[in-house]
Amino acid sequence: MSAVQETVTEAPAVEAVPKRAMTLGAGSSLVMLALLILVPLFVKNFIIFQLTMLLIYGLAVLALNILTGGSGQFSLGQSAFYAVGAYTSAILIEHVGMNYALTLPIAGVVCFGFGFLFGQPALRLSGVYLALATFALATAMPQLLKLGVFETWTGGVQGLVVTKPDAPFGLPMSQDMWLYYFTLVITVAIYIFSVNLLKSRSGRAFMAIRDNEIAASAMGIDVALYKTLAFGVSAGITGVAGGLGAIAVQFVAPDGYTITLAISLFLGMVVGGVGWLPGSIVGSAFIIFVPNIAEGISKGLSGAVFGVLLFLIIFLVPHGARQIAMIAQQLLGKLKKS
Amino acid sequence: MRSRLNLLIAAFSTTVIAFAATTGSALAQKKYDTGAADTEIRIGNIMPYSGPASAYGVIGKTEAAYFNKINAEGGINGRKINFISYDDGYSPPKAVEQARKLVESDEVLLVFNPLGTPSNSAIQKYLNARKVPQLFVATGATKWNDPKDFPWTMGWQPGYQSEARIYAKYLMREKPDAKISVLYQNDDFGKDYLKGLKDGLGAKASMIVAEESYETSEPTIDNHIVKLRASGADVFISITTPKFAAQAIKKMAEIEWKPLHIVSNVSASVGGVIKPAGFENSQGILSAAYAKDGADPQWDNDPGMKKFLAFLAKYDADANKLDGSVVYGYGAAQTMVKVLELCGDNLTRENVMKQAASLKDFAPDTLLPGIKINTTPTDFAPINQLQMMRFKGEKWELFGDIISGELSN
């Protein structure tokens, strides 16, 4: 009696977001895309590099958003998938001599497999217990990468240096700009794929599981399959982001993929709005730029300043960027009427 | 009236021409790259002010204070130092972002003393490709001394391998039949060290009868000590960071294991390791040093240390003189200032590297007497000497000659 009843009466951990509310309208999406295409033409290479990192972390946050916002499973282990993706790309580029673009799908597939397999034991866990299990994964990963057994491939603690690709076909653009547009194309493709995934039969299955697992299984949804699938897809996308990250940063080392990264991604998701895919980019901007702002305010207390800023955001707009977007939309609606 | 005006114009134009001529010739003598000007030299720096290695952030703070002192005293050849230091949280991707920000956005002349082997590895290729000096990096990894492949990167402190070789030399001379046990931290620091030790022992590497590694996340290393004791070793080399070095000393006293105990220089701090572990437990421990210990009373009347303490009192009152990082930051900043002084009015990146690679017997205030910084275009390891020391009473006693840890021997 008790277990079933508890599950049924327990409020869902992640609030139900209707699928229409998970994306942006066509108009705003195009404006956003135009901005992302045009801005790099007018800024310095350093800013372009930061924008590239923005897209890459945006992808990783998006992946977590599919897992948590979509299927209602928590993960603090995204840094592990990110690391596997980064190392897969780095090793293929540096040791096998493969073209960087080809390594990304491989990184994605490897991570999909890894995530799918990890999803199997994770099935038995939910809520905070699942968060803990993934946490363990994230803390274990940097040490696994340091293991002597893999050292010839991973470079051990010294890491691996990755060569940055030039623009192909003699295009007259800098390495940074080329990498930005390359990343942008992949990001947009994955974004469209994710939106469609959530609108599809599988996406509906994810959300049914998120909202009520028992009801979902009563409707004939293979709960185990879809839960692991969500893990696989999320890990796969994170892996691609990791691979891109390795190419952009030109370096992989175990210390780059600690639990701090996993927590940053989680933070990005919450700030962007859980379950709101466009919020991923806002969340990513938060985790890239706000620490810099905090450092600008006070060097010695940057952590504390960051904490205060984060607290203010959670307190004032608990639903993150999604809430701001909704308020803006309502205001626009009123303006149109009057 | 008219002629007076003409005269005025003539006088004025002569002044202008004369002025232009003098400034023109002055400009010809001065050479600048991005980041340097008549009034300012911009220096970038990356430190882990937050994150797992935040204890080292003190180095950055001390350096900032030292440059403030230099500025207050009139700067370097009249130019003020603008020290821009960013936090990377000991994360390599963040270090890359900050390095790019320094070079491309803040337009610094050079990046000075960035801390951490992973972070420096991450930015090395970028800085060398952009031909920006990565000077006096704050890590003891041996790979920074590679002028052929990375002509824009230079270390500062003695390499871990050099130090380990000195212990190997000592043991082969003093205790040729030693059975050595090693405890090392499982990261770049520990492994670099172990390699140096084995290379130093050479054909006699079989003297090492037991080695154990630990992770920094382990709460205690007691079980490793017990295991190493069981190996029957009579020499114990502790390649550990401060917290674990103190634990090892305590545990060994507890189980009454008294081998010849060597502690790496990283953990030779009296204030940070020996005192917490107990003076009575630490008698006879060996180590090697290159800098003076702020906690050691034998330097109280040393002129260099007096200057150091006066600096702390005036410019960095919050600093703890017992913290080895403060002594470190002071020495590194002093070396940087020396290089910039040598550059004179030719503040190009190329000349900065050239001057950094031709230091002759330069001795910062905080280095041990007799240890000097020497560099050449083929030797990018500024400090390469150490002196052995033995703990007695409440302080280290230096003994023997200053030994060089040259890799070639």
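The values are calculated or read from the model by the stated rules, or taken from the named source; none is laboratory data. Computed from a predicted structure; not experimentally measured. All Cβ positions, even for glycine, are placed from backbone atoms using ideal geometry, and neighbour counts span all protein chains on display.
Quick look at the numbers
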quantity	calculated
Residues satisfying the stated conditions in the stretch A:89-102, i.e. surrounded by fewer than 24 Cβ atoms within 10 Å (Cβ to Cβ) and under 20 Å from A:TYR257 (Cα atoms)	A:ILE91, A:LEU92, A:ILE93, A:GLU94
First in the stretch A:81-100 and more than 15 Å from A:GLY159 (Cβ to Cβ), second anywhere and outside any helix (DSSP H, G or I), Cβ under 8 Å, 6 or more apart	A:LEU92/A:MET98; A:TYR100/A:PRO165
Qualifying positions in the stretch A:41-54 - within 14 Å of chain B (Cβ to nearest Cβ) and either polar (S, T, N, Q) or in a helix (DSSP H, G or I) (or both)	A:ASN45, A:PHE46, A:ILE47, A:ILE48, A:PHE49, A:GLN50, A:LEU51, A:THR52, A:MET53, A:LEU54
Meets criteria (modelled with pLDDT under 90 and either in a loop (DSSP other than H, G, I, E, B) or surrounded by 24 or more Cβ atoms within 10 Å (Cβ to Cβ) (or both)) for B:SER162	yes
Flag for A:VAL274 being of a type in the set (Val, Ile, Thr), within 24 Å of A:MET32 (Cα to Cα) and crowded, with 19+ Cβ neighbours inside 10 Å	yes
Options A:LEU197, A:LEU184: the member that is more than 30 Å from A:VAL43 (Cβ to Cβ), away from chain B (no Cβ under 14 Å) and within 23 Å of the chain's Cα centre (by Cα)	A:LEU197
Subset of the stretch B:66-89 (residues that are under 22 Å from B:TYR49 (Cα atoms) and acidic (Asp, Glu))	B:ASP87, B:ASP88
Candidates B:GLN247, B:GLN298, B:GLN334, filtered to the one that is modelled with pLDDT of 90 or more, within 25 Å of B:GLU397 (Cβ to Cβ) and polar (S, T, N, Q)	B:GLN247
A:SER298, sole failed condition from (1) modelled with pLDDT under 85; (2) within 14 Å of another protein chain (Cβ to nearest Cβ); (3) surrounded by 17 or more Cβ atoms within 10 Å (Cβ to Cβ)	(3)
Entirely in the stretch B:51-138, the helices (runs of 4 or more DSSP H) that have 3 or more residues that are more than 10 Å from every other protein chain (Cβ to nearest Cβ)	B:57-72, B:117-130
Sole exception among (1) under 21 Å from B:TYR160 (Cα atoms); (2) within 12 Å of chain A (Cβ to nearest Cβ); (3) crowded, with 24+ Cβ neighbours inside 10 Å; (4) at pLDDT 90 or above for B:ASP149, by number	(3)
Condition check for A:ALA262: within 14 Å of chain B (Cβ to nearest Cβ) and free of Cβ contacts under 8 Å to residues at least 60 places away in the same chain	no
Pair list, Cβ under 9 Å, 6 or more apart: the stretch A:106-131 residue touching a residue at least 40 places away in the same chain (Cβ under 8 Å), other residue acidic (Asp, Glu) and in a loop (DSSP other than H, G, I, E, B)	A:GLY127/A:GLU10
Among (1) crowded, with 23+ Cβ neighbours inside 10 Å; (2) at pLDDT below 90; (3) out of contact with any strand residue (DSSP E or B) (no Cβ under 9 Å at 6 or more places or on another chain), the one test that A:SER217 misses	(1)
Yes/no for A:ALA167 being more than 14 Å from chain B (Cβ to nearest Cβ) and surrounded by fewer than 20 Cβ atoms within 10 Å (Cβ to Cβ)	yes
Any hit, the stretch A:240-247, residues being away from chain B (no Cβ under 14 Å) and either touching a residue at least 60 places away in the same chain (Cβ under 8 Å) or surrounded by fewer than 24 Cβ atoms within 10 Å (Cβ to Cβ) (or both)	yes
Residue check for A:GLY70: surrounded by fewer than 24 Cβ atoms within 10 Å (Cβ to Cβ) and farther than 21 Å from A:PRO254 by Cα	no
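Matching residues to (1) touching a residue at least 24 places away in the same chain (Cβ under 8 Å); (2) surrounded by fewer than 20 Cβ atoms within 10 Å (Cβ to Cβ):
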site: B:ASP192; (1), (2): yes, no
site: B:ASP199; (1), (2): yes, yes
site: B:GLU212; (1), (2): yes, yes
site: B:THR220; (1), (2): yes, yes
site: B:ASP234; (1), (2): yes, yes
site: B:ILE239; (1), (2): yes, no
site: B:ALA246; (1), (2): yes, no
site: B:GLU256; (1), (2): no, yes
